[in-house]
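K.L.:
Mind looking over this structure? Questions follow.
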Amino acid sequence: MLAYSLGINIQRAQSIINSYQRLITLDLAFAEIANIAWKRIFIFKDNKETVLSNLKLAIEFMNTLNVRQVSSLIDDGIHFALNYGITFYDASFVVLAIRENAILLTTNLKLANAIHGRVKVITPA
């Protein structure tokens, strides 16, 4: 349900996730996924029990990832955001990918285009 609401091709995303040994995210992602659940219930009137069940599964998955603190990226993140005209939120994930020499997985095509050539990006949409 949450992945669907983001327009994610579930099979493609699962294939991408399964092909990597080390998955990294920011602590900020937990707030974002909870906010998506809130939107699905409060704004879109999706079934509360279904959304909360899916949120629980998403959090369980995210707890298996290597989670980094956004506070360690603030200086570089704000500069990157200003230089590329993107939000600090988006820039923090980009900076994490750069620091970790990782591939950025995002459904945000605008972000992928804005940082083209700066970091490798995969979009599962």
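K.L.:
List the number of the failed condition for His116; all other conditions in (1) more than 15 Å from the chain's Cα centre (by Cα); (2) at pLDDT 95 or above hold.
P.N.:
Checking His116 against (1) more than 15 Å from the chain's Cα centre (by Cα); (2) at pLDDT 95 or above, the one that fails is (2).
K.L.:
Can you name the condition, by its number, that Lys45 falls short on among (1) closer than 27 Å to Lys120 by Cβ; (2) loosely packed, with under 12 Cβ neighbours inside 10 Å; (3) of a type in the set (D, E, K, R)?
P.N.:
(1)
K.L.:
I need every pair where a residue in the stretch 97-114 that is touching a residue at least 24 places away in the same chain (Cβ under 8 Å) and on the phi > 0 side of the Ramachandran plot has its Cβ under 9 Å from the Cβ of a residue that is in a helix (DSSP H, G or I) and of a type in the set (A, V, I, L, M), sequence separation at least 6 or different chains.
P.N.:
Going by the 9 Å Cβ cut-off, there are no qualifying pairs.
The values are calculated or read from the model by the stated rules, or taken from the named source; none is laboratory data. Owing to the predicted nature of the structure, the values given are computational and were not obtained by experimental measurement. Positions of Cβ are backbone-derived with ideal geometry, glycine not excepted, and every protein chain shown enters the neighbour counts.
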